[in-house]
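Heads up, the thing below is written out as structure tokens.
The values are calculated or read from the model by the stated rules, or taken from the named source; none is laboratory data. Please read these numbers as outputs of a predicted model, since none were measured by experiment. Cβ coordinates were reconstructed from backbone atoms using ideal geometry, including for glycine residues, and neighbour counts include every protein chain displayed. Note: accessible area is taken over every heavy atom of the protein model, side chains too, but ligands, DNA and RNA are not part of it. Shrake-Rupley method; radii C 1.70, N 1.55, O 1.52, S 1.80 Å.
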Amino acid sequence: MGDANAGAFCVLGLETSCDETSCAVLEGDGSCEPSALRLRSSVVASQVSLHRRFGGVVPEVASRRHVETIIPVIDQALRDAGLGLSDVTAVAATRGPGLVGAILVGLSAAKAVALARQVPFIGVNHIEAHMYANFIEHPDLRPPFVCLVVSGGHTDLVYLQDHGSYEVMGRTRDDAAGEAFDKVARVLGLGYPGGPAIDAAARSGDPNAVRFPRAFLEEGSYDFSFSGLKTAVVNHVRKVNTSLADIAASFQEAVVDVLVEKTIGAAHARGVGTVALAGGVAANSRLRERMSARASEAGLRLVSPSPVLCTDNAAMVACAGYFRLARGERSSLELPAVPDLGLES
Ligand code: KG4
Ligand code: ZN
């Protein structure tokens, strides 16, 4: 199928680094101009129900499901976009960080499409992709800005100086924010994944019911630590009878307090006028509400992706790939999957 409406640059993005098999089609004019971007389709096949009974993602099970789902998901994304494979001018896929067996499925599929169609291929860093989800919906967004990346595996405060130029100002020294949500939800019997469950339970709770510890660490540090908070919640639940909603709200408040203050502090330290949110935890309603209030108080602009673009998806991968392709970058078809890929590498 050919389509005269296909843009000059039509990127097929693939994301399979954890438990979502996802494909998206993003087009633009080939410049680093976000206002030219148009997301034509975004399909996410979630494996959540498959992993729920294990209380977390089982890597081998995830890889096998990606193998079964990847081709139908690509077909669906092309159908939703009203395009055929012949309209695709480049392919982008996550190359890390994540579960290596899972990454390899999307990465190999992307290389196969690029080889068959003789179009450029680009490997994408998953954390960079989370940050780039912001460019899809904010056509006037320009670097520099400070971005808080909060997901199941990462909690990073990143100074995005320019496209492709990052300084990780701080990171978690133990648990990632999403990991803390998931672990506390398990203790509270809220199931998996824990973040959305705590977000929902906290709505009817009092965020000031229990004063859980906030780890602000040393003066001037942008690092995070959530393991003490998690232990405090576990100890509280054992000893004191507090309602589930109050514990969820009080725990969430302690996480949000630290995330908000460090992000605003980092923005001031780098002298930027914009802060951005990214990653699954950025879908948290209380974080969005508190960050928005604090940013406007501090005279900063806050941008964040819609909740569906915060959690893992291929639209963000297509977007990060698009900007690299627009700058003339290409990856070799021999590019490996790197499970612990760093943002600055
Ligand atoms: O970005 P993501 O989909 O995958 C990773 O790259 O890790 O993030 C998943 C994490 C999980 O820990 C999940 O519990 C958390 O994001 N999450 C939330 C919310 N939605 C997802 N955490 C708090 N509130 C939410 N609404
Ligand atoms: Zn992610």
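Taking Cα pairs under 8 Å and at least six residues apart, what relative contact order does the chain come out at, in percent?
The normalised contact order for the chain reaches 24 percent.
Using the beta-carbon distance between Arg142 and Ser243 and R0 = 45 Å, what value does 1/(1 + (r/R0)^6) give for FRET efficiency, to the nearest 0.05?
Calculated value: 0.50.
What accessible area per residue comes out for the range 180-338, rounded to a whole number of Å², with a 1.4 Å probe?
40
Against the globular-protein guess of 2.2 N^0.38 Å, express the Cα radius of gyration of the chain as a ratio, rounded to two decimals.
After normalising by residue count via 2.2 N^0.38 Å, the value is 0.99.
Determine the equivalent ellipsoid of the range 280-335 by diagonalising the alpha-carbon gyration tensor, then write out the semi-axes as square roots of 5 times the eigenvalues, largest first, rounded to whole Å.
Here the semi-axes work out to 31, 15, 7 Å.
Can you tell me the 0 to 90 degree angle between the C-alpha axis of helix 314-326 and the longest principal axis of the chain, rounded to 10?
Rounded to the nearest ten degrees, it is 60.
Suppose a student asked you for the relative contact order of the range 76-127, using Cα pairs under 8 Å spaced at least 6 residues apart; what percent would you report?
Relative contact order here is 45 percent.
Can you tell me the Rg and Dmax of the range 143-186, counting just the alpha carbons, in angstroms?
When restricted to Cα atoms, the range 143-186 yields Rg and Dmax of 12.3, 39 Å.
Out of the total accessible area of the chain (probe 1.4 Å, heavy atoms of protein only), what percent is carbon and sulfur?
Result for the chain: 50 percent of the exposed heavy-atom area is carbon or sulfur.
What does the accessible area of Val67 come to, in Å² to the nearest 10, when a probe of 1.4 Å is used?
90
Scan the range 171-245 for GluC sites (Glu not before Pro) in coil per DSSP, keeping those whose Cβ has at most 16 other Cβ atoms within 10 Å, and list them by number. Could the numbers behind the result be given before it?
Numbers: sites: Glu179, Glu218, Glu219; in loops: Glu218, Glu219.
Sparse-neighbourhood loop GluC sites (Glu not before Pro): Glu218, Glu219.
Could you pull the Cα extents of the range 131-260 along its three principal axes, largest to smallest, in whole Å?
Result, largest extent first: 50, 33, 23 Å.
So which lysines can Lys183 reach, going by Cα to Cα under 25 Å and dropping same-chain residues fewer than 8 places off?
In chain and number order, the partners are Lys230, Lys239, Lys262.
Kindly write out, for the range 122-129 in residue order, the coupling ³J(HN,Hα) from the Karplus curve 6.51 cos²θ - 1.76 cosθ + 1.60 (θ = phi - 60°), rounded to whole Hz, with x marking Gly and Pro.
9, x, 10, 7, 4, 6, 4, 4
What's the angle, to the nearest 10 degrees (0 to 90), between helix 177-187's Cα axis and the longest principal axis of the chain?
That helix lies at roughly 60 degrees to the long axis.
Run through every distinct alpha carbon pair of the range 1-142 and return the Kirkwood hydrodynamic radius in angstroms, one decimal place.
15.4 Å is the Kirkwood radius here.
Run through the DSSP bridge list for the chain and note the antiparallel percent, rounded to the nearest 5.
In the chain, approximately 60 percent of DSSP beta bridges are antiparallel ones.
Got the relative contact order for the range 1-112 handy, in percent, Cα pairs under 8 Å and 6 or more residues apart?
Reported as a whole number, the value is 38 percent.
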